[in-house]
1. Somewhere in region 20-27, is a residue under 18 Å from residue 217 (Cβ atoms), within 27 Å of the chain's Cα centre (by Cα) and in a helix (DSSP H, G or I)?
2. Within the group 187, 178, 147, which residue is more than 30 Å from residue 38 (Cα to Cα) and either in contact (Cβ under 8 Å) with a residue 60 or more places away in the chain or crowded, with 17+ Cβ neighbours inside 10 Å (or both)?
3. If a residue has to be free of Cβ contacts under 8 Å to residues at least 40 places away in the same chain and either buried (at least 17 other Cβ atoms within 10 Å of the Cβ) or closer than 18 Å to residue 158 by Cβ (or both) to count, how many in region 373-405 make the cut?
4. So which residues in region 225-238 are surrounded by 15 or more Cβ atoms within 10 Å (Cβ to Cβ) and touching a residue at least 60 places away in the same chain (Cβ under 8 Å), if there are any at all?
5. Take residue 158 and tell me if it is over 16 Å from residue 109 (Cβ atoms), in a helix (DSSP H, G or I) and in contact with a helix residue (DSSP H, G or I) (Cβ under 6 Å, 6 or more places away or on another chain).
6. Look at region 37-59 and say how many of its residues are surrounded by fewer than 17 Cβ atoms within 10 Å (Cβ to Cβ) and under 37 Å from the mean Cα position of the chain (by Cα).
7. Confirm whether residue 11 is out of contact with any helix residue (DSSP H, G or I) (no Cβ under 6 Å at 6 or more places or on another chain), closer than 21 Å to residue 338 by Cβ and assigned to a helix (DSSP H, G or I).
8. Sort through 139, 183, 177 and tell me the only one that's within 20 Å of residue 246 (Cα to Cα), touching a helix residue (DSSP H, G or I) at 6+ places or on another chain (Cβ under 7 Å) and assigned to a helix (DSSP H, G or I).
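The values are calculated or read from the model by the stated rules, or taken from the named source; none is laboratory data. Predicted model only: the values in this text are computed from it and were never measured. All Cβ positions, even for glycine, are placed from backbone atoms using ideal geometry, and neighbour counts span all protein chains on display.
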């Protein structure tokens with residue numbers, strides 16, 4: 001469509017799989033599955049519903065007559081009753097028992113829960129695949145020393161793989177939250193107009209055991225382990241907020257990763273994938289912009305800001321229900337999922353093609369390492385008979401001189417030469433250079449990576465082994 005608005009989330013960012021979950025077909029076929037589950041459960045519990053009627057409903061579960069529903073909605077201004085009518089047109093024998101005892105939220109809210117749960121499972125699948133790729137990267141570069149930064153100022157060395165575990169750790173926290181929310185998702189069930197199940201009390205002549213069994217049967221038929229024990233007409237809109245908070249957590253983790261990659265690409269140490277024919281700038285042909293990481297950040301900003309929508313919706317519902325949730329829900333929840341889906345595909349794609357420039361990393365590290373090695377140098381000089389306090393002051397002074405040489409003169413770091421020339425240290429330049437092995441300054445980085453991958457990440461990957469092996473392509 002070129003003559004009207006269409007969402008960039010569908011056209012540019014989200015996968016077909018996630019788009020289908022929030023499609024009209026998925027929504028309305030789920031409505032029909034819920035009507036079938038309701039009819040079957042009522043039949044099994046003794047209401048006057050025949051197997052012939054149920055079979056007729058099943059025969060038309062997927063071939064939705066949208067044209068009939070659309071015309072009916074123009075007349076009655078009610079989407080659920082329009083689809084009840086359209087389904088009844090296709091199923092004349094069952095028309096009178098469709099939606100029996102239910103209110104609109106029976107199909108609307110239960111479908112929302114079903115769709116969000118399915119979408120969360122797709123998010124989990126992609127999140128685990130990102131974690132798998134990051135784990136592989138971390139393991140490959142666990143011993144590659146690199147300059148670490150605090151406040152984006154050179155600090156003690158770390159390794160490329162250890163830095164990757166920081167990104168992984170945040171995704172692990174997201175994974176825990178995601179699993180908790182998925183496991184806690186329940187159907188609304190069949191609660192009736194204000195959540196009291198009064199209509200079902202009438203249908204089942206006050207038989208509370210059958211009413212409770214009805215909900216259990218519906219949940220079983222739809223693949224859930226139960227329904228929320230109490231509700232108004234709708235499930236608590238706080239559920240939507242919990243879901244969106246998890247998506248927001250993933251977005252902020254991805255944003256942090258994208259920031260680091262963009263900074264590293266500026267340093268020319270690590271670079272995101274750049275395809276042979278990709279253009280970085282319309283004006284500057286030499287440029288290699290980190291556009292995928294920038295897109296992650298852009299989409300993440302949207303998801304994080306979108307979190308406020310279900311919060312406001314949940315906070316402002318009145319009593320058993322108001323309809324001011326509807327328009328907001330229709331937009332904020334699907335688009336939050338579509339954006340996170342796009343983020344995870346980009347994350348997967350970037351990690352899959354990360355390029356590490358070890359020579360540049362080594363050059364940057366070696367330019368700063370003399371400063372970082374001064375404590376060890378001082379200890380060696382003390383062992384050779386020097387005074388620790390005097391040596392500390394001398395090293396401080398020499399470090400300032402070397403720093404000025406680098407910053408003001410644009411020259412190489414000459415701290416080692418300055419120390420070698422000072423008789424207080426009694427160390428030759430060759431002896432000082434022998435201490436400049438970066439691996440001596442990365443602490444437990446290598447073993448931390450190995451332990452973290454083996455003890456924390458591997459159990460998650462093993463638990464989700466059947467979902468691994470994904471790759472992600474991006475549209476633009």
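1. Our first condition is that a residue be under 18 Å from residue 217 (Cβ atoms); within region 20-27, this holds for none.
No, region 20-27 contains no residue that is under 18 Å from residue 217 (Cβ atoms), within 27 Å of the chain's Cα centre (by Cα) and in a helix (DSSP H, G or I).
2. On the way: 187 fails: more than 30 Å from residue 38 (Cα to Cα); 178 fails: more than 30 Å from residue 38 (Cα to Cα).
Of 187, 178, 147, the one residue that is more than 30 Å from residue 38 (Cα to Cα) and either in contact (Cβ under 8 Å) with a residue 60 or more places away in the chain or crowded, with 17+ Cβ neighbours inside 10 Å (or both) is 147.
3. Start the filter on region 373-405 by keeping residues that are free of Cβ contacts under 8 Å to residues at least 40 places away in the same chain, which leaves 375, 378-379, 382-383, 387-405.
In the following step, the residues that additionally are either buried (at least 17 other Cβ atoms within 10 Å of the Cβ) or closer than 18 Å to residue 158 by Cβ (or both) were identified as 375, 378, 391, 394-395, 398-399, 402, 405.
Matching residues across region 373-405 total 9.
4. So the first thing to find is which residues in region 225-238 are surrounded by 15 or more Cβ atoms within 10 Å (Cβ to Cβ), and the list is 227-228, 231-237.
Scanning region 225-238 gives 232, 233, 234, 235, 236, 237.
5. Details: over 16 Å from residue 109 (Cβ atoms): yes; in a helix (DSSP H, G or I): no; in contact with a helix residue (DSSP H, G or I) (Cβ under 6 Å, 6 or more places away or on another chain): yes.
No; evaluated as a whole, the condition is false for this residue.
6. Count: 1.
7. Working: out of contact with any helix residue (DSSP H, G or I) (no Cβ under 6 Å at 6 or more places or on another chain): yes; closer than 21 Å to residue 338 by Cβ: yes; assigned to a helix (DSSP H, G or I): yes.
Yes; evaluated as a whole, the condition is true for this residue.
8. Values: 139 fails: within 20 Å of residue 246 (Cα to Cα); 183 fails: touching a helix residue (DSSP H, G or I) at 6+ places or on another chain (Cβ under 7 Å).
Criteria check complete, one pass: 177.
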